[in-house]
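The values are calculated or read from the model by the stated rules, or taken from the named source; none is laboratory data. Note that the structure is a prediction, hence the values are computed from the model and not measured. No Cβ is skipped: glycine too gets one built from the backbone with ideal geometry, and neighbour counts run over all protein chains shown. For the accessible areas, the whole protein counts, side chains as well, though only heavy atoms, and no ligand, DNA or RNA atoms are used. Shrake-Rupley method; radii C 1.70, N 1.55, O 1.52, S 1.80 Å.
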Amino acid sequence: MNPDVVVIGGGIVGCSCAYYLARAGMNVRLLEKGPLGAGASKAGMFHVVTWEEPEIHLRLASASKELYQTLAEELSVDIEFRITGSMAVLETMEAFEGFQETARRLREKGVECDLLDQTNLAEMEPNLAPDLAGGAHFPADGEVNPLCATWALAEGAQDHGAVIDRFTEVTDIEVGRDERTVEAVQTASERIPTKYVVNAAGAWSGKIGEMVGLEIPVTPRKGHLVVTVPVPDDFLNCKVLLSASYMNSLEEGIDVAVAANVQQARNGNLVLGSSRQFVGFDRTVEPEVISRMVSRCTDLLPSLREVDAIRTWSGLRPYTPDLLPIIGPVDELEGFYMASGHEGIGITEGPITGKLISQMLTGEDLDIPVDELSLSRFAPDGEGDDKKVA
């Protein structure tokens, strides 16, 4: 049978779409050009942080955390989800004083947030550098294993009848004679007629858009990570530790931005990050960037200097100009849906993205209104709806 919907991309977002669509009774086929989770899902951190602004991020992250709690019980593969709390570290008094307004705003929006002065911070995390100004603790945050979650969602989708095709690259997408309706997806070996296509191709989403004449402003942004040998469980009291500068976007004129991000996985290994740079689709690990990144982490957590690193890797995040994902139907092309552009928080927002796409295709009420995340927000002024331009 021809599928009702073809999902392009086998990362956490694509597999979430396949899972919720198949569970809703749709005939689903997912196409991934490599192994599942080989893109940003493989290269991402474990954290599920629910305090990133603006408000739409807060709502998506909170909804995804609730879904992860359910998925941890209903999926047959252990996704290693747990509530760990997270901590944002403020390195200067200026940053600490500025974050107090952020904390107030977050509390008004329902986010659990405890401000920590220098003394409180040292009591909670004694291994931190002694000269830090303070921090903020978010007790409701958690973590999940990105690859395990991706594989578990794919297996769950298959349990509901979805077909998962690995190492199957999409070469073209056919549209009707009026150029306004999706008709089929083409791979190297077959033509797949379908009514719907979901573009969940991550950093490669723009290339998928080109197949149907769409300009999709998703570009790859490279990031590096380092993993260490396992350390004792009490090395970090809070398993997700972020310098507040991690939340800053790449500044204009800076080739590489690095920030301190330390997380302890369930097996004891530490994952250190992160970097941000625009280098196209180059995924080469750069020793100089790794060195700068590790230096930032050891400045924050000096005891790291006694811990051995065992491997490094890099991946490509799907970046959008306004740092918001693109979720929903494309007005110019009936049957074409976007689920991409999550940058570094695809792990955090993957489940709710998949559920929203399922609700859109099946006509259900949306858990969260996401009109502001439409591709149309990038349309140039004066462009009509009849033009395939974003």
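Our coupling estimate for the range 234-239, obtained by passing each phi through the Karplus curve with A = 6.51, B = -1.76, C = 1.60 and θ = phi - 60°, is 8, 4, 10, 6, 9, 6 Hz, Gly and Pro reported as x. With 26 Å as the limit on Cα-Cα distance, the pairs of Lys33/Lys65; Lys195/Lys355; Lys207/Lys355 that go past it are Lys33/Lys65. Extension gain for the segment Asn127 to Lys207, taken as residue separation times 0.36 nm less the Cα-Cα distance, is 24.3 nm to one decimal. Accessible area per residue for the chain, computed on protein heavy atoms with a 1.4 Å probe, is 42 Å².
As a rough guide to protection, the peptides 97-105, 149-157 ranked by mean Cβ packing within 10 Å, highest first, stand as 149-157, 97-105. Considering only beta bridges that DSSP places wholly inside the chain, some 70 percent are antiparallel. When you restrict to C-alpha pairs under 8 Å that are six or more residues apart and normalise by the size of the range 124-236, the relative contact order lands at 15 percent.
Contact order for the chain, expressed relative to its length and based on alpha carbon pairs under 8 Å spaced 6+ residues apart, stands at 24 percent.
Amide hydrogen proximity for Gly134: with H placed 1.01 Å from N in the peptide plane, the residues at 5 or more positions away or on another chain lying under 5 Å are Leu90.
The charge dipole of the range 1-145, taken about its Cα centre with unit charges on the Cβ atoms of Lys, Arg (+1), Asp and Glu (-1) only, comes to about 860 debye. Heavy-atom accessible area for Arg311, with the other protein chains in place and a 1.4 Å probe, reaches approximately 130 Å².
The aspartates and glutamates whose alpha-carbon is closer than 12 Å to the alpha-carbon of Lys222, local same-chain residues fewer than 8 away aside, are Asp255, Asp282, Glu286, Glu343. Computed from phi, the 3J(HN,Hα) profile of the range 137-145 under the Karplus parametrisation 6.51, -1.76, 1.60 (θ = phi - 60°) reads 10, 10, x, 8, 6, x, 8, 8, 7 Hz, with x in place of Gly and Pro.
Computed from label points 7 Å out along Cα-Cβ, the spacing between His160 and Thr362 is 0.6 nm.
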